[in-house]
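A.B. asks: Got a structure here, written out as structure tokens. Questions coming.
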Amino acid sequence: MAELAYWEAIRRAHDEELANDPMVLAMGEDIGVVGGTYKATSGLYQKYGDKRIIDTPISENSFTGIGIGASMAGLRPIIEIMSINFALLALDTLVNAAAKIRYMSGGRVSCPIVMRTPGGTAHQLAAQHSARLARVFMSTSGLRVVTPRGAMEACGMLKSAVRCNDPVIFIEHERMYNLREQVPDTEYFRPLEGAEIVRKGTDITLIGYNWSFLLCMKAADMLERDGISAEVVDLRSLKPLDRETIRRSVEKTHRVLVAEEDEAAVGVGSEIISVIIEDCFFALDSQPVRIHAADVPVPYAANLEHAAIPDEHDVYQGALKALGRI
Amino acid sequence: MKAADQKRLLREMIFFRRFEERCFEAYMEHKIGGFLHLYSGQEAVATGVLETVRRGEDYVITGYRDHVHAIKSGAPAREVMAELYGKETGSSRGRGGSMHIFDPTVHFMGGYALVGQPFPLAAGLALACKYRGTDHIAVCFLGDGANNQGTFHETMNMAALWHLPVLFVCENNQYAIGTRIDRSTAVTDQYKRVCSYNMASSQHDGQDLDAVLAAAGKAVEHVRSGKGPYFIEFLTYRQRGHSMSDKTAAYRSKEEEAEWAKRDPIKLYGAKLIKAGVLTDADLKAIEHDVLNEIENDVVKFAEDSPAPKVEDLNKYVLDDRPDPRWIGPLQNS
Ligand SMILES: Cc1ncc(C[n+]2csc(CCOP(=O)(O)OP(=O)(O)O)c2C)c(N)n1
Ligand SMILES: [Mg+2]
């Protein structure tokens, strides 16, 4: 085992997959000579050359489209979009093309691309660099959406995403790149599908994904000090969604909280709670609780930003509410 | 060119025209649904350009006016018609319809409804050709209106920058739905617009099949020999409305339509072959009769007789139907 930072884990997955399959290539803005804004491809340009590590112009819709076109002819591009905010410029090619080509060709053409991008708020990046947007992709048929919670998942899931024959939206998080975790030295894969019960508990289920999962884990520690046993579920895959694991956990704990860093409307939390109501309404002993961002463009001032975005205390308070303690 | 090839090309264009006109009839009978965009009047462009590429090796991609491009690329006409009928035997198994014909077995990589979307997809197909070290190329057909999308400029830049083996064919039929080109576009000569990307380009008569063949042959050779992308513009005219819902009288004159009707590509080429003694009037009649017969008794019959997709298969083809559990899972919780 070695301790790797999240960015190092992503870099390792690139390196192993580039070495494994000559059809794998990476493309994006400043990923080559510079090595990526978050270092996720550092050193790979020097190792694999400009044929396989392609620095692109600032043309998100079209360089993503070029990756998609190349994938239709058998290549396996890993496309980095510098920030999920900029992925809005590539929505046409991702949502109207990549997500639909398999279906509208009657299964005859596939688009095995991975689009990796950091989503989420970091530190005072203000409204145009703080989008989360997972919900946009989560509501698009024909895409897979995964949200690795740490270095272990990041490396193993990226490798699986590269080998998967569907378009995969791989959502990282700006505040997670330097988090460190033990990772096996030998090659391993993590499956793209399935939620994971990471911490077992009996009194309440806390559900999150990437950053909001980490908030749930911290809140579970706080609850433990109050003598409350929280079960924590990492969704891992937002699409397809593992309804079964969610149902089984809620049927055990009878109380549930969903945490997300995004605004609430038409979001991950609303979807999860709808699913719970459809699948196990009668297992609930109290109203489900949603923890989410304020309904505002993310502000710059540190105190306002802090107020707009949920933290572990918000999750803790929300859990107490679901438990009828406040 | 050999007389047999000339006759074959004339027959193909007559076939394409009849195919499209038969679609019109089937649409009126409510056998075809959705949006339907016919290619009548522009046949010399797809016929001429695709005659000069390698079937099944080079990639072809286009917009929603795609039936003829698919058939000329090698997609069976009966499967294209079955697709329009929404049948399981269709090119896209009835999931795509008129605007989304696919046949990857002949490298026809689809028709797309989003104006301008195929530009980068074509460049990506070309990137794959080059990446694999082949001398295959990608050919992208789009209209004049598509050139006002951002993808046009973004893709021309990258295609030129990376010397991608892609041929962009601009079918300039002067209109984007009802907006005449000079009302939407500051520079009406489309081939001039790629100059700022240092891309080779030229403009030609799209009604004269021989002119198309000659120009396309050179452009394909340019691209295949590794000299980088090429943008070729053909001046042409669609005889029908943009789709089945617009009245051309609202945006163009009868006189203009009549002028272009004189330059109908099939009439021009047929007259040329008759004048050259390659063909007699009787031969032409026989071809027309033969085409009518084939469309009715093979193409349409196949579409009519084919089964609709099964409703149980609604969720098929959303994702890979045979996911590898090693990568996909699902993860098991203990
Ligand atoms: C992105 C997008 N915007 C608008 C439309 C609606 N639309 C369909 S075809 C068309 C005109 C395109 O004209 P042109 O590119 O010249 O092609 P032509 O139809 O003449 O072959 C428009 C505006 C669309 N399908 N996609
Ligand atoms: Mg046009």
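A.B. asks: If I filter segment B:130-144 down to residues being in contact with an Asp or Glu (Cβ under 8 Å, 6 or more places away or on another chain) and either in a loop (DSSP other than H, G, I, E, B) or within 10 Å of chain A (Cβ to nearest Cβ) (or both), which single residue comes out as nearest to ligand 1 (Cβ to nearest atom)? Walk me through it before giving the result.
C.D. replies: Within segment B:130-144, the first condition is being in contact with an Asp or Glu (Cβ under 8 Å, 6 or more places away or on another chain), and the residues that meet it are B:134, B:136-139, B:141-144.
Then drop every residue that is not either in a loop (DSSP other than H, G, I, E, B) or within 10 Å of chain A (Cβ to nearest Cβ) (or both), which leaves B:134, B:136-138, B:144.
On the way: B:T134: 30, B:H136: 26, B:I137: 22, B:A138: 19, B:D144: 4 Å.
So the residue we want is B:D144.
A.B. asks: Which ones in segment B:306-318 are buried (at least 16 other Cβ atoms within 10 Å of the Cβ) and either of a type in the set (G, A, S) or within 25 Å of the chain's Cα centre (by Cα) (or both)?
C.D. replies: The answer is B:S306, B:Y317.
A.B. asks: In segment B:152-186, which residues are more than 29 Å from A:G28 (Cβ to Cβ), of a type outside the set (V, I, T) and open to solvent by 50 Å² or more (accessible area, probe 1.4 Å)?
C.D. replies: B:R180, B:D182, B:R183, B:S184, B:A186, listed by residue number.
A.B. asks: Same structure again: Among the residues of segment A:32-74, count how many are outside any loop (DSSP other than H, G, I, E, B) and of a type outside the set (S, T, N, Q).
C.D. replies: Of all residues in segment A:32-74, those outside any loop (DSSP other than H, G, I, E, B) come to A:44-48, A:53-55, A:60-72.
If we keep only those that are of a type outside the set (S, T, N, Q) as well, we get A:44-45, A:47-48, A:53-55, A:60, A:63, A:65-70, A:72.
Number of matching residues: 16.
A.B. asks: Within segment A:84-126, which residues are aromatic (F, W, Y) and either within 23 Å of B:S92 (Cβ to Cβ) or more than 14 Å from chain B (Cβ to nearest Cβ) (or both)? I'd like the intermediate steps shown before the answer.
C.D. replies: First, pick out the residues of segment A:84-126 that are aromatic (F, W, Y): A:86, A:103.
Within segment A:84-126, just A:Y103 meets the criteria.
A.B. asks: Has segment B:153-164 got any residue that is within 16 Å of ligand 2 (Cβ to nearest atom) and farther than 14 Å from A:T64 by Cα? Write out each step before concluding.
C.D. replies: First, pick out the residues of segment B:153-164 that are within 16 Å of ligand 2 (Cβ to nearest atom): none.
No, there is no match, as no residue in segment B:153-164 is within 16 Å of ligand 2 (Cβ to nearest atom) and farther than 14 Å from A:T64 by Cα.
A.B. asks: Continuing with this model, one more query. Considering only segment A:162-184, how many residues are farther than 16 Å from A:L235 by Cα, buried (at least 24 other Cβ atoms within 10 Å of the Cβ) and within 15 Å of the chain's Cα centre (by Cα)?
C.D. replies: The number of residues fulfilling the criteria is 1.
A.B. asks: Looking at segment A:206-278, what strands (runs of 3 or more DSSP E) fall wholly within it and have at least 3 residues that are more than 14 Å from chain B (Cβ to nearest Cβ)? Outline the logic, then answer.
C.D. replies: On the way: elements: A:230-234, A:237-239, A:256-263.
Ranges flagged: A:256-263.
Results for (1) open to solvent by 40 Å² or more (accessible area, probe 1.4 Å); (2) in contact (Cβ under 8 Å) with a residue 24 or more places away in the chain; (3) not in a helix (DSSP H, G or I), shown as yes or no for each residue.
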residue	(1), (2), (3)
B:T188	yes, no, yes
B:S202	no, yes, yes
B:V212	no, yes, no
B:A216	no, yes, no
B:K227	yes, yes, yes
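A.B. asks: Any idea which of (1) closer than 30 Å to B:D298 by Cα; (2) in a loop (DSSP other than H, G, I, E, B); (3) more than 10 Å from chain A (Cβ to nearest Cβ); (4) touching a helix residue (DSSP H, G or I) at 6+ places or on another chain (Cβ under 6 Å) is the one B:H69 doesn't satisfy?
C.D. replies: With (1) closer than 30 Å to B:D298 by Cα; (2) in a loop (DSSP other than H, G, I, E, B); (3) more than 10 Å from chain A (Cβ to nearest Cβ); (4) touching a helix residue (DSSP H, G or I) at 6+ places or on another chain (Cβ under 6 Å) applied to B:H69, the lone miss is (2).
A.B. asks: Next question, about the same structure. Among the numbered conditions (1) buried (at least 21 other Cβ atoms within 10 Å of the Cβ); (2) in contact with a Ser or Thr (Cβ under 7 Å, 6 or more places away or on another chain), tell me where A:D30 comes up short.
C.D. replies: The failed condition is (1).
A.B. asks: In segment A:75-93, how many residues are part of a loop (DSSP other than H, G, I, E, B) and open to solvent by 10 Å² or more (accessible area, probe 1.4 Å)?
C.D. replies: Adding up the residues that qualify gives 1.
A.B. asks: Related question: For segment B:42-63, enumerate the residues that are over 13 Å from the mean Cα position of the chain (by Cα) and not basic (K, R).
C.D. replies: First pass over segment B:42-63, keeping only residues over 13 Å from the mean Cα position of the chain (by Cα): B:52-58.
B:T52, B:V53, B:G56, B:E57, B:D58 - these are the residues of segment B:42-63 that are over 13 Å from the mean Cα position of the chain (by Cα) and not basic (K, R).
A.B. asks: For A:I246, are the conditions met, namely being over 23 Å from A:I171 (Cα atoms), touching a strand residue (DSSP E or B) at 6+ places or on another chain (Cβ under 9 Å) and not hydroxyl-bearing (S, T, Y)? Reasoning before the result, please.
C.D. replies: On the way: over 23 Å from A:I171 (Cα atoms): no; touching a strand residue (DSSP E or B) at 6+ places or on another chain (Cβ under 9 Å): yes; not hydroxyl-bearing (S, T, Y): yes.
No.
A.B. asks: A follow-up question, please. What residue, of B:Y64, B:Y59, B:Y27, B:Y39, is more than 14 Å from chain A (Cβ to nearest Cβ), in contact (Cβ under 8 Å) with a residue 24 or more places away in the chain and either surrounded by 22 or more Cβ atoms within 10 Å (Cβ to Cβ) or under 30 Å from B:K130 (Cβ atoms) (or both)? Before you say what the answer is, go through the steps one by one.
C.D. replies: Details: B:Y64 fails: more than 14 Å from chain A (Cβ to nearest Cβ); B:Y59 fails: more than 14 Å from chain A (Cβ to nearest Cβ); B:Y27 fails: either surrounded by 22 or more Cβ atoms within 10 Å (Cβ to Cβ) or under 30 Å from B:K130 (Cβ atoms) (or both).
After applying the criteria, what remains is B:Y39.
A.B. asks: To continue, here is another question. Just give me the residues in segment B:154-183 being outside any strand (DSSP E or B) and within 15 Å of ligand 1 (Cβ to nearest atom), in sequence order. Even if it seems obvious, please write down each step before you answer.
C.D. replies: First pass over segment B:154-183, keeping only residues outside any strand (DSSP E or B): B:154-165, B:173-174, B:177-178, B:181-183.
Scanning segment B:154-183 gives B:E154, B:T155, B:N173, B:Q174, B:I177, B:G178, B:I181, B:D182, B:R183.
A.B. asks: Listed residues A:E261, A:E244; which is open to solvent by 30 Å² or more (accessible area, probe 1.4 Å) and modelled with pLDDT of 95 or more?
C.D. replies: Numbers: A:E261 fails: open to solvent by 30 Å² or more (accessible area, probe 1.4 Å).
The unique qualifying residue is A:E244.
A.B. asks: Suppose the filter is among the small types (G, A, S), modelled with pLDDT of 95 or more and within 14 Å of ligand 2 (Cβ to nearest atom); does B:G178 pass it?
C.D. replies: Against the criterion (among the small types (G, A, S), modelled with pLDDT of 95 or more and within 14 Å of ligand 2 (Cβ to nearest atom)), B:G178 qualifies.
A.B. asks: Also, quick follow-up: Answer with yes or no whether A:N61 is without any contact (Cβ under 8 Å) to a residue 24 or more places away in the chain and open to solvent by 20 Å² or more (accessible area, probe 1.4 Å).
C.D. replies: Against the criterion (without any contact (Cβ under 8 Å) to a residue 24 or more places away in the chain and open to solvent by 20 Å² or more (accessible area, probe 1.4 Å)), A:N61 does not qualify.
A.B. asks: When the residues of segment B:99-122 are filtered to those that are open to solvent by 10 Å² or more (accessible area, probe 1.4 Å) and more than 7 Å from chain A (Cβ to nearest Cβ), which remaining residue is farthest from ligand 1 (Cβ to nearest atom)?
C.D. replies: We begin by selecting, within segment B:99-122, every residue open to solvent by 10 Å² or more (accessible area, probe 1.4 Å); these are B:99-100, B:104-107, B:113-115.
Add one more test, that the residue is more than 7 Å from chain A (Cβ to nearest Cβ), and what stays is B:99, B:105-107, B:113, B:115.
Values: B:M99: 9, B:T105: 26, B:V106: 22, B:H107: 22, B:A113: 5, B:V115: 4 Å.
Going through the qualifying residues, I end up with B:T105.
A.B. asks: Still on this structure, please answer the following. Which of the numbered conditions does B:L125 fail, given that it passes all the others? Conditions: (1) closer than 25 Å to B:I181 by Cβ; (2) open to solvent by less than 10 Å² (accessible area, probe 1.4 Å); (3) not in a loop (DSSP other than H, G, I, E, B).
C.D. replies: For B:L125, the failing item is (1).
A.B. asks: Now a separate question. If you take the residues in segment B:42-56 that are among the hydrophobic types (A, V, I, L, M, F, W, C) and not in a loop (DSSP other than H, G, I, E, B), which one is surrounded by the fewest Cβ atoms within 10 Å (Cβ to Cβ)?
C.D. replies: Filtering segment B:42-56 for residues among the hydrophobic types (A, V, I, L, M, F, W, C) gives B:44-46, B:49-50, B:53.
Next cut, not in a loop (DSSP other than H, G, I, E, B) only: B:44-46, B:49-50.
Numbers: B:A44: 28, B:V45: 29, B:A46: 31, B:V49: 27, B:L50: 24.
Going through the qualifying residues, I end up with B:L50.
A.B. asks: Quick one: A:Y38 ticks every box in (1) touching a Phe, Trp or Tyr at 6+ places or on another chain (Cβ under 7 Å); (2) within 14 Å of another protein chain (Cβ to nearest Cβ) bar one, so which box is it?
C.D. replies: (2)
A.B. asks: Mind listing just one residue for me: the one in segment B:77-97 that is more than 7 Å from chain A (Cβ to nearest Cβ) and in contact with a strand residue (DSSP E or B) (Cβ under 8 Å, 6 or more places away or on another chain) and, of those, surrounded by the fewest Cβ atoms within 10 Å (Cβ to Cβ)?
C.D. replies: This residue is B:E79.
A.B. asks: Further question on the same structure: Whether any residue in segment B:136-147 is in contact with a Gly (Cβ under 7 Å, 6 or more places away or on another chain), more than 16 Å from ligand 2 (Cβ to nearest atom), β-branched (V, I, T) and open to solvent by less than 10 Å² (accessible area, probe 1.4 Å) is what I want to check.
C.D. replies: Looking for residues that are in contact with a Gly (Cβ under 7 Å, 6 or more places away or on another chain), more than 16 Å from ligand 2 (Cβ to nearest atom), β-branched (V, I, T) and open to solvent by less than 10 Å² (accessible area, probe 1.4 Å), one finds none in segment B:136-147, hence no.
The values are calculated or read from the model by the stated rules, or taken from the named source; none is laboratory data. If you're wondering where the values come from, they're calculated on a predicted model, not measured in any experiment. Heads up, the Cβs are rebuilt from the backbone with ideal geometry, glycines too, and the neighbour counts pull from every protein chain shown. When the accessible area is computed, the model is the full protein with side chains, heavy atoms only, and any ligands, DNA or RNA have been set aside. Shrake-Rupley method; radii C 1.70, N 1.55, O 1.52, S 1.80 Å.
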